[in-house]
1. Restricted to region 334-360, and to residues that are of a type in the set (D, E, K, R) and either closer than 14 Å to residue 310 by Cβ or outside any helix (DSSP H, G or I) (or both), which residue is least open to solvent (accessible area, probe 1.4 Å)?
2. Consider region 258-311. How many of its residues are basic (Lys, Arg) and over 24 Å from residue 223 (Cα atoms)?
3. I'd like to verify a number: residues in region 126-142 that are in contact with a helix residue (DSSP H, G or I) (Cβ under 9 Å, 6 or more places away or on another chain) and open to solvent by 10 Å² or more (accessible area, probe 1.4 Å), how many?
4. All but one of (1) surrounded by 18 or more Cβ atoms within 10 Å (Cβ to Cβ); (2) farther than 20 Å from residue 340 by Cβ; (3) among the small types (Gly, Ala, Ser) hold for residue 185, so report the exception by its number.
5. Would you mention how many residues in region 291-333 are loosely packed, with under 15 Cβ neighbours inside 10 Å and among the hydroxyl-bearing types (Ser, Thr, Tyr)?
6. Check region 249-258 and report whether any residue there is among the β-branched types (Val, Ile, Thr) and either open to solvent by 40 Å² or more (accessible area, probe 1.4 Å) or modelled with pLDDT under 95 (or both).
7. Are any of the residues in region 286-306 farther than 25 Å from residue 214 by Cβ and among the aromatic types (Phe, Trp, Tyr)?
8. With the requirement that a residue be open to solvent by 50 Å² or more (accessible area, probe 1.4 Å) and in contact with a strand residue (DSSP E or B) (Cβ under 6 Å, 6 or more places away or on another chain), what does region 144-158 give you?
Amino acid sequence: MNGLSAGELCCLFCCPPFPSQIVAKLAFLPPPPTYNLIINHDATLSHGEQASLNQAQPISNQAANPANLNLSGRNNRTASGLSNFMDLIRNSGRRLCSSLVCAKHNYAHQTGQVVAPPLTNAKIVMKEKAEWQYGPGELEKLEVFLTRTERGHQIACLFVRCSPSPKYTILFSHGNAVDIGQMSSFYFGLGSRLECNIFTYDYSGYGASSGTPNEKNLYADIRAAWNALRSRYGVSPSNIILYGQSIGTVPTVDLASKYDCAGVILHAPLMSGMRVAFNTKRTWCCDAFPSIDKVNKISSLVLVIHGTEDEVIDLSHGMAIHEKCPKAVDPLWVEGAGHNDIEIYAAYVERLKRFICEEIRMHQYSLMSAANAQQVATSLAQNIQTNQPVQND
C-alpha cells in the first residue's frame, strides 16, 4: 500500500488494532529534515531565557526514516478512503513553486496569564531539499528559536519578517509532509504579498523538534507557539490570524475554539480522521482529530478554503466545517484545484487579501464601535441617575 512494507503494515494495523490508533499512525510520518539548527549560546536573551538556556539541551535533527522517503504516492490511486488518507499523509502540504514564491478588544475566550516559555535562540541552515529561493539578505529575516511545550518537548519556531509595519501576524500550521525549512520560501512570498509577518513551528518529531508526533503533542505544540508569539514578540490576539493547512487545521481549530483572535483560515480542513480514512458519517468515541465537533466553539471570523477536485480530503469536509462555524465568511471553493495546488490560483491570494484587509478589519471596527457605544450608554445612565433630584418625604 503506497510503498509500505509488510512489517510496517503489520505494525500499522495490529499494534494496537484500534481504528483511532491506526488513523493517528497514518497521520504522522514526518519527512527527512530540510534544515539544521545552530544553537546560539552567546546571544543576549530576554524573558529569562538565559536561565532556561542553561538547562536546555541542543536539539539535533532526526535521522531520516526510510519509510518516509517516498513522498510521491499520487499515482495509482484507488477509490478507497484509506488509500486517500495514505495520500494525505504522503503528500499533504507539499509546497508548489508558484508565483507566490518567485484595534484592541477584550476577548472572552482568552483566560489566564501568558507565561514566557523557555526559549533558545538558534540559526537556521537550509539543506538543498529546503529549496530556498531567495538570497542571503532575505535569509537574515528568518528568526528561529526553540521553545518548550507543556509536554516537555522542544519545538522549532520560525518568525518570518515579511513587512516593515504589519498589522497582523499569521500563525501558520503546515501540512503533513513538510517542515518549516521546506515551507520557508512559501512563507516569505505569501507574507510579502499579504503584508503580514508569518510565525510558524514544527510539530513534535518534525524537523528539529524533539519528541514524537501524536494528537496530544499536536495541541501542545500550537499552544507553545501561541505563547511564544505573544510573549517574545508582544503580539496581541487581536493581531494574530490562525492559518491551518490540511492536517494543520486540526491544531488550528483546537486553539481557535479556546482563544479569540483576529481571524481563522482553514485550508483544506478535515472533519475528523476516521471520516477521511473510512468515510464514516459520525464521530466515534475512538475517532482522532474531531475538528467538526470543535468549530462551533470558534468565536472569531473563519474563512474556509478548499479545492473542488481535492482527491485527498473531499470538498464535503470543507463544506461541513464551513456550515458549522458560527462566524464563517464566504468560503473559497477553488474550481478545479486539488489538495496541493490551491496556491497557484489567482483567487487564492485575492481572497486572503479581502479577508485580511476588509472583513477582519470591518469586524474589529464593529466590535470596537459596539464596545464604545455600550460604554457611552453606561456613562449616560450613570449621569442621569446621579443628576436625579432628591424627593422629600
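The values are calculated or read from the model by the stated rules, or taken from the named source; none is laboratory data. In this text the structure is predicted, and so the values were computed from the model without any measurement. Backbone-built Cβ (ideal geometry, glycine too); neighbour counts: all protein chains shown. Please note that ligands, DNA and RNA were not included when accessible areas were found on the heavy atoms of the full protein model with its side chains. Shrake-Rupley method; radii C 1.70, N 1.55, O 1.52, S 1.80 Å.
1. By that ranking, first place goes to 343.
2. 3
3. Selection size over region 126-142: 11.
4. The failed condition is (2).
5. 2
6. The answer is no, given that none of the residues of region 249-258 is among the β-branched types (Val, Ile, Thr) and either open to solvent by 40 Å² or more (accessible area, probe 1.4 Å) or modelled with pLDDT under 95 (or both).
7. Checking region 286-306: not a single residue is farther than 25 Å from residue 214 by Cβ and among the aromatic types (Phe, Trp, Tyr).
8. Of everything in region 144-158, just one residue is open to solvent by 50 Å² or more (accessible area, probe 1.4 Å) and in contact with a strand residue (DSSP E or B) (Cβ under 6 Å, 6 or more places away or on another chain), namely 148.
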